[in-house]
1. If you check every pair at least six apart or on different chains, which have Cβ atoms under 8 Å apart with a residue in region 85-103 that is free of Cβ contacts under 8 Å to residues at least 40 places away in the same chain first and a residue that is outside any helix (DSSP H, G or I) second?
2. Mind checking which residues of region 6-25 are more than 19 Å from HIS80 (Cβ to Cβ) and either of a type in the set (Phe, Trp, Tyr) or not in a helix (DSSP H, G or I) (or both)?
3. Looking only at region 45-57, how many residues end up being within 28 Å of ASN140 (Cα to Cα) and in contact with a Lys or Arg (Cβ under 7 Å, 6 or more places away or on another chain)?
4. So, MET66, is that one crowded, with 20+ Cβ neighbours inside 10 Å and under 17 Å from ASP26 (Cα atoms) or not?
5. Return the residues of region 26-49 that are open to solvent by less than 10 Å² (accessible area, probe 1.4 Å) and outside any helix (DSSP H, G or I); say none if nothing qualifies.
6. Checking the condition open to solvent by 20 Å² or more (accessible area, probe 1.4 Å) and closer than 21 Å to GLN13 by Cβ, which residue from LEU109, LEU115 passes?
Amino acid sequence: MISFTMNQDKALQTLLWILNKKQGIDIYNIMKIVFAADCYHLTKYGRPVYGDKYMAMKDGTVPSFMYDLVRLKSNMPFFHCSKNGLQANSVPNMNFFSESDIEALEYGLKEYGDLKFGEIRDKNHQHRAWKKHENELKKNFGPKAIPIDYEDMIDDPEVIKDLIELGSMTESMVL
C-alpha cells in the first residue's frame, strides 16, 4: 500500500492558491480540483501535491484534511465564506510549491473549476477511485465514507509498482 506524509501547511497554501485563482468557488469544486491535481501529480511525478488522505463518499472523492479545513470557514484568518462562496483573505506562499505542483493544480482547476455540481458529480463518479466503492456507498445502510487507496488514483501501473517498491525499501531501511 502506498502512503505519504501530509503537509498541513502546504494544504492551506493549496487552498489559498485555488481561492486566489477563483474567488467565490464552491467547496465541492475545491474538493474535486484537489483530487484531480493529486491524480495528475501522482501519475506524472509519483507523489501527491501535499499528501491528503482521500475518502469515497456519496457525492464523490474527498480529500479529508482539505474538507475539514474548509469547514473551519468561520474564524479563519486566511479565508472566509460569503454568499458567493469561499473568498481568500491572503495570498498563498508560493515557496511551498514546485513547478510540478502548480502544473497539477492548474490541471485540476481546468478539469473542475467551472463545472456545476451535477457535472462535477457525474465526472468524478467516472473515476475508478470512486467507482471501486460505488456499490457499497449506494447501499441504504452502507458506510458514509470509505478510504481510497493512492493506487486507485494513479493511471500508470508502472508508477504504482515503483512507489510500492520504494515504500518497501524505505520501510526496511527504517527497521
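The values are calculated or read from the model by the stated rules, or taken from the named source; none is laboratory data. The structure presented is a predicted model; accordingly, all values stated were derived computationally and were not measured. We place every Cβ from the backbone using ideal geometry, glycine too, and count neighbours over all the protein chains shown. Remember, those area values only see protein heavy atoms, side chains included, never the ligands or the DNA or RNA. Shrake-Rupley method; radii C 1.70, N 1.55, O 1.52, S 1.80 Å.
1. The qualifying pairs are ASN89/MET76; ASN89/PRO77; ASN89/PHE78; ASN89/PHE79; ASN89/HIS80.
2. First pass over region 6-25, keeping only residues more than 19 Å from HIS80 (Cβ to Cβ): 6-10.
Scanning region 6-25 gives MET6, ASN7.
3. Counting residues in region 45-57 that are within 28 Å of ASN140 (Cα to Cα) and in contact with a Lys or Arg (Cβ under 7 Å, 6 or more places away or on another chain) gives 1.
4. Numbers: crowded, with 20+ Cβ neighbours inside 10 Å: yes; under 17 Å from ASP26 (Cα atoms): yes.
So MET66 passes the test.
5. PRO48, VAL49 - these are the residues of region 26-49 that are open to solvent by less than 10 Å² (accessible area, probe 1.4 Å) and outside any helix (DSSP H, G or I).
6. Values: LEU115 fails: closer than 21 Å to GLN13 by Cβ.
Only one candidate passes the filter, namely LEU109.
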